[in-house]
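This report refers to the structure that appears directly beneath it.
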Amino acid sequence: MDNKKRFEKIVKLIDKNTEADDYIINYNFNNNALTRFANNMVTQNVDVDKEKLDLTLYFDGKKGNLITADLSEDSIKSLIKKCENICPHFLIGCLLNNSKEPIN
């Protein structure tokens with residue numbers, strides 16, 4: 001599948017399955033190829049595609065962020081639910097000293 005179409009499918013799936021106020025999607029696709037030669041011939045030829053999805057959801061000034069390399073529909077739905085579950089436990093802009101007061 002074309003990367004653009006793949007990304008559009010992922011966006012539609014996330015949009016359909018979340019009630020977040022806002023979200024950020026970072027989709028990364030890499031193609032790694034390796035060819036080894038020995039004795040004047042190809043001894044190994046490897047072509048690997050790798051995908052990664054970084055999802056950040058925002059609810060009422062709180063966010064949840066998770067990353068997955070499994071981009072099946074069920075995995076993305078699970079990622080959405082996990083992000084939604086961690087949102088209440090994280091305040092945007094909290095100090096590094098674990099202050100519970102957000103930075104204005």
Residues of segment 3-23 satisfying the condition of being out of contact with any Phe, Trp or Tyr (no Cβ under 8 Å at 6 or more places or on another chain) and farther than 19 Å from Asp74 by Cα
Lys4
Filtering segment 59-83 down to residues that are in contact (Cβ under 8 Å) with a residue 60 or more places away in the chain and of a type in the set (D, E, K, R), which residue is farthest from Ile10 (Cα to Cα)?
Lys77
Can you tell me how many residues within segment 37-53 are among the aliphatic types (A, V, I, L, M) and either more than 30 Å from Ser75 (Cα to Cα) or touching a His at 6+ places or on another chain (Cβ under 6 Å) (or both)?
3
Confirm whether Tyr27 is farther than 21 Å from Asp2 by Cα, modelled with pLDDT of 90 or more and of a type in the set (Phe, Trp, Tyr).
no
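For segment 24-36, which residues satisfy the criterion of being among the aliphatic types (A, V, I, L, M), farther than 12 Å from Ile76 by Cα and surrounded by 10 or more Cβ atoms within 10 Å (Cβ to Cβ)?
Taking segment 24-36 first, the residues among the aliphatic types (A, V, I, L, M) are 24-25, 33-34.
Narrowing the set further to residues that are farther than 12 Å from Ile76 by Cα leaves 24, 33-34.
Within segment 24-36, Ile24 is the sole residue that qualifies.
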May I ask you to list pairs of residues, at least six apart or on different chains, whose Cβ atoms are under 6 Å apart, with the first in segment 1-19 being part of a helix (DSSP H, G or I) and the second being hydroxyl-bearing (Ser, Thr, Tyr)?
Phe7/Tyr27
Please go through segment 36-59 and give me each residue that is hydroxyl-bearing (Ser, Thr, Tyr) and in contact with a Lys or Arg (Cβ under 9 Å, 6 or more places away or on another chain), ordered by number.
Thr43, Thr56
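Can you tell me which residue in segment 37-70 is surrounded by the most Cβ atoms within 10 Å (Cβ to Cβ), limited to those that are among the acidic types (Asp, Glu) and in a strand (DSSP E or B)?
Across segment 37-70, the extreme among qualifying residues is Glu51.
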Inspect all residues belonging to segment 82-91 and state whether any of them is among the polar types (S, T, N, Q) and modelled with pLDDT of 85 or more.
yes
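The values are calculated or read from the model by the stated rules, or taken from the named source; none is laboratory data. Quick caveat: nothing in here was measured; it's all calculated off a predicted structure. Virtual Cβ from ideal backbone geometry, glycine too; neighbours counted across all protein chains shown.
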